[in-house]
Amino acid sequence: MKMVSAAKLSKAQRNIAGMLPYSNAMHHILRSVLSAGSDFETSLAKQRAVERVAIVVFSSDSSLAGSFNSNVVKELRKTLGAYAHIPKEKIFIYTIGKKVFEATGKLGYVVARNFEGLAAKPDYDTLSAFAGALIEQFNAAAIDRVEVIYHHFKSAGSQTLTRETFLPLTLSAQAASGEAAKKILPDYIVEPSADEVLAELLPKSLKLKLYTMLLDSSASEHAARVIAMQLATDNADELINDLTIEYNKSRQQSITSELLDIIGGSMR
């Protein structure tokens, strides 16, 4: 299982590495245009009193991944506790992964939608359509906030459980100065207009962001399983060594007893 998870982890890392240049370029353009003095306003950044909330949770479909899934469930329980003042029927939980889907039912909540098999086989089209649906619901005021719980993949040995607000957006328009401005904020000529470009890019950015979270969670799962299987192997080796020592002791005691019996019989 360790070898299988290591192979899957390598593939997940390649997927993330292949997507990063596009993702970084898009966020760079967004940050630059927003920092160029545009008075852009979007309904996606509108702050409302939270009366209806959507929670998107990423876990795995299978176990044997250490504390990967249990930590996700704990964070979900903590998040639900923060929204205890909201009726259950106004909390919409979307699960990606069989383990958190099962845990949500045990917590007494109904899952609005479960994406079966998506944790094992990430698919951009499915997540893109789902992100588009969340955007439409937020714009229509059907939900007031969207939160996401997932593991952020830092390295094969480090994964950080993250709870992040997906909607509403926080638009940063802080401009850099000096040499940093030349490196971070190029002088774009925007056509047809900055507002139209941003209105087109923001939904795409959100869809990409949700897909990135899925890739993060998938890579984190495989990394956690590799570590868990290595620990299981080490524990098994240690147990075998301990049992071997106990067996040798018992065997030696048996041989000693037989020798004493033989010596005692010869003396009589």
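No lab work stands behind these numbers, since they all come straight from the coordinates. Predicted, not measured: the structure shown is a model, and the values here were computed from it. Reconstructed Cβ throughout: ideal geometry from the backbone, glycine too, with neighbour counts over all protein chains shown.
Below are the figures for this structure:
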read-out	value
Length-normalised contact order for segment 57-171 - Cα pairs under 8 Å, 6+ apart - percent	26
Least to most buried among Thr104, Thr244 (fewest other Cβ within 10 Å first)	Thr244, Thr104
Global form of segment 58-100, assessed from the alpha-carbon gyration tensor, a/c cut-off 1.5	oblate
Gyration tensor verdict on segment 2-227 (Cα atoms; rounded if a/c is under 1.5, prolate if a/b is larger than b/c, oblate otherwise)	oblate
Among Val197, Val72, Val146: highest mean-square fluctuation, GNM of the chain, C-alpha pairs under 10 Å	Val197
Of the DSSP H helices in the chain, those whose Cα atoms cover at least 24 Å axially and whose Kyte score averages 1.6 or more	none
Extended-chain gain in nm, criterion 0.36 nm per residue less alpha-carbon gap, Ala45 and Thr233	62.8 nm
Nearest-0.05 FRET efficiency for Lys90 and Met19, computed from C-beta distance (R0 51 Å)	0.90
Rounded, prolate or oblate (a/c below 1.5 giving rounded, otherwise prolate when a/b exceeds b/c) for segment 49-146 by Cα gyration tensor	oblate
